[in-house]
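Enquirer: So that we are looking at the same thing, I have put the structure below in structure tokens.
The values are calculated or read from the model by the stated rules, or taken from the named source; none is laboratory data. This structure is a prediction, so every number in the text was calculated from the model and none was measured. Here the Cβ positions follow ideal geometry from the backbone for every residue, glycine too, while neighbour counts run over all protein chains shown.
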């Protein structure tokens, strides 16, 4: 049994994340999905609660037939960034590789010298594409419906059904001025 770790904030999960998960699960039996910054909720940068992120991720996993091959694990940040990889690895089951689309996260795991069999890997930008949750939130704030094409349909439905797109707008407005 092989298992990879995939790290993100998932604010919200998007098509780039889903593409990366497909790629990871084509090579590994299971994936431990780390929901980073789990202590951050209801802010402009992190508008979704940890519970909402977990529900949304599982909705996407179920729709794509991955739910039985994935663990979704919330992990809070640490005051000392250098200790965060140890925290992540202590929250997760044993993994063979670590995947991230974030250069900083990659560097933290390499500094920590995480003992993972297949190493620390940056998700290829051609896999993830140029999609970012920040750009999606900006489109939601501007009422630009093109964000819906950047997010799996299950996540779009989750956001809209729970009026989280409205919350994203409200939180953005509250940070201005």
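Enquirer: Failed condition for residue 5, given (1) under 12 Å from the mean Cα position of the chain (by Cα); (2) assigned to a strand (DSSP E or B); (3) modelled with pLDDT of 95 or more, with all others met?
Expert: Exception for residue 5: condition (3).
Enquirer: A further question on this structure: Out of the range 3-31, which residues are surrounded by fewer than 23 Cβ atoms within 10 Å (Cβ to Cβ) and out of contact with any helix residue (DSSP H, G or I) (no Cβ under 8 Å at 6 or more places or on another chain)?
Expert: 3, 22, 26, 27, 28 - these are the residues of the range 3-31 that are surrounded by fewer than 23 Cβ atoms within 10 Å (Cβ to Cβ) and out of contact with any helix residue (DSSP H, G or I) (no Cβ under 8 Å at 6 or more places or on another chain).
Enquirer: Next up: Quick one: in the range 154-175, of everything that is assigned to a helix (DSSP H, G or I) and free of Cβ contacts under 8 Å to residues at least 60 places away in the same chain, which residue is nearest to residue 130 (Cα to Cα)?
Expert: 156
Enquirer: Checking the condition closer than 19 Å to residue 158 by Cβ and in contact (Cβ under 8 Å) with a residue 40 or more places away in the chain, which residue from 102, 64, 46 passes?
Expert: The conditions single out 64.
Enquirer: Turning to a different aspect of this structure: Specify the residue that is nearest to residue 44 (Cα to Cα); the eligible residues are those in the range 141-153 that are within 18 Å of the chain's Cα centre (by Cα) and not in a loop (DSSP other than H, G, I, E, B).
Expert: Once the filter is applied, the top-ranked residue is 147.
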